[in-house]
Amino acid sequence: MTLPNRFDWEKLQQFCFQVFKNAGVSKENAETVAESLIQADLRGVDSHGVVRTAIYIERIEKNMMNPFAVPTVESEDFATVLVNGNNNIGAVVGKKAVEIALEKAKERGAAIVGVKGSNHFGTGAYYALKAIEKDMILLVMSNASQTMPPTGGKRPFIGTNPLAIGVPAGNEPPFLLDMATSVVARGKIIVASQKGEEIPLGWAVDKDGIPTTNAEAALDGAVLPVGGPKGYAISMFIDILAGVLTGAGFGKYVNNMYENWEKPQNVGHIFIAIDINRFIPIELFKERMDRYISEIKAEPKADGVEEILIPGELELRKTLERQQNGIELPDKVVKELYEIGKRYAVDLSKAAFIEKNVLEHKEVIN
């Protein structure tokens, strides 16, 4: 059977939703996980998209994540909340936490929500966009399992702990930073490995600490921090906030979801929400943001540069392009999804992308 490689984003999201629902995840939570995965693929962050479906399903099947758990508030004060994810799926826990953060920030002006007992929660942009939709500013941080050495070390000790920041604008695109504290997200090396491709020199080292372009060797070794000691320091600080402060795992105590089949991950997150209206009216803020962004984009360009972009703008364009033209997946990922679909009685082929002109041609024939 020949499987398609390009998929309609809405149908692929429905496929993922149905798989997770059939795997025992509640309707609401299955919708959240599917939305999180597809949004990553739409934005071009393939390392956090449907490629993660297989490992999420496997951890559910092996009781390493509890899709029936309800995230609970363990403590709460004037502007702070501590949430225990109780080992539910990371996107489910993260969505609950960001909802609490935005609601509390609206009441108090600002809010900090810490999370423990969570799992891999997808992209930080998924949560930052929810704040942008509500005209609020959000900072998102999470720790992760050991994949990056401290500066001067050769073996992994800290994660590629990500930072995301969302800021709304008016007519201009919003400011949306979503970055790992490594040179590149480890998921991109996983994707390169699946495609049988080499990685650029400077992304990672092998298990002996030697720079490598071999994706497999890099996965056995460690990714490198962005900006050397600066990236290492930022990653460590995120681990302190998301792990040490919240009571979640930190350093070697954040368990690897691909390798540790005995204990939950116990990932920690931090969400910091700011109500813009507590500083200046939101419409004035948006006007000032538009002016700021337009003036940056009007700056003189270096030789060979056609356009100055702001963080998140490329991903916004990619989203529009993939919504129009479909999401293309590597053969290995397609085969994984097809096999998962067979196990849970969901037909992946029904999510195949059909060119608009083909549909129009069929309508003319009919």
Practice task
Could you tell me which of 139, 159, 80 has its Cα farthest along the dipole of region 47-168 towards the positive end, charges placed at Cβ (Lys, Arg +1; Asp, Glu -1), taken about the Cα centre?
Solution key: 159
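Given the peptides 157-169, 277-289, 236-248, arrange them by the average over their residues of other C-beta atoms within 10 Å, most packed first.
Numbers: 157-169: 24.2, 277-289: 14.1, 236-248: 21.6.
Ranking the peptides 157-169, 277-289, 236-248 by packing returns 157-169, 236-248, 277-289.
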Practice task
Report, by chain and number, residues whose modeled amide H sits under 5 Å from the one on residue 170, excluding near sequence neighbours (fewer than 5 apart, same chain).
Solution key: 290
Exercise for the section: Run the quick spin-label model on residue 27 and residue 354: label points 7 Å from Cα toward the beta carbon, then report their separation in nm to one decimal. Expected result: 2.7
Handout entry: Gyration tensor verdict on the chain (Cα atoms; rounded if a/c is under 1.5, prolate if a/b is larger than b/c, oblate otherwise)
Key = rounded
Completion exercise
Stretched fully, the stretch from residue 290 through residue 55 gains (0.36 nm per residue minus C-alpha distance, one decimal, in nm) 80.5 nm
Fill in the blank from the handout: Ranked by GNM mean-square fluctuation in the chain (Cα springs under 10 Å), the top entry among 31, 262, 172 is 262
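Based on the Cα coordinates of region 148-265, what is the per residue volume of their convex hull in Å³?
Values: hull volume 16.2 nm³, N = 118.
Each residue corresponds to 137 Å³ of Cα convex hull volume.
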Practice task
Only Cα pairs under 8 Å and at least 6 apart count here; give the relative contact order of the chain as a rounded whole percent.
Solution key: 23
Exercise for the section: Sum up the charges of everything whose Cβ sits under 12 Å from the Cβ of residue 320, counting Lys and Arg as +1 and Asp and Glu as -1, but leave residue 320 out. Expected result: +1
Handout entry: Computed helical MRE - 222 nm, the chain, DSSP H runs ≥ 4 contributing -39500 (n - 2.57), nearest 500
Key = -12500 deg cm²/dmol
Practice task
Find the all-direction average of the projected area of the Cα convex hull for region 93-225, expressing the result in square nanometres with one decimal place.
Solution key: 9.5
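Are any of the pairs 154/252; 21/130; 207/263; 188/301; 11/195; 21/332 more than 20 Å apart by Cα-Cα distance, and if so, which?
Working: 154/252 15 Å; 21/130 23 Å; 207/263 24 Å; 188/301 30 Å; 11/195 24 Å; 21/332 23 Å.
Checking Cα-Cα distances, 21/130; 207/263; 188/301; 11/195; 21/332 exceed 20 Å.
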Exercise for the section: Calculate, for the chain, the solvent-accessible area per residue in square angstrom, rolling a 1.4 angstrom probe over the heavy atoms of the protein chains. Expected result: 49
Handout entry: Listed residues 30, 50, 7: farthest to the positive end of the dipole of the chain (Cβ charges)
Key = 30
Handout entry: region 1-99 - percent of accessible surface contributed by carbon and sulfur, probe 1.4 Å
Key = 47
Completion exercise
For residue 261 the rounded accessible area (nearest 10 Å², probe 1.4 Å, non-protein molecules ignored) is 80
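The values are calculated or read from the model by the stated rules, or taken from the named source; none is laboratory data. As the structure is a computational prediction, the values presented were derived from the model and not from experiment. Don't worry about glycine lacking a Cβ; one is built from the backbone with ideal geometry, like all the others, and counts go over all protein chains shown. All accessible areas refer to the heavy atoms of the entire protein, side chains included, with ligands and DNA or RNA removed. Shrake-Rupley method; radii C 1.70, N 1.55, O 1.52, S 1.80 Å.
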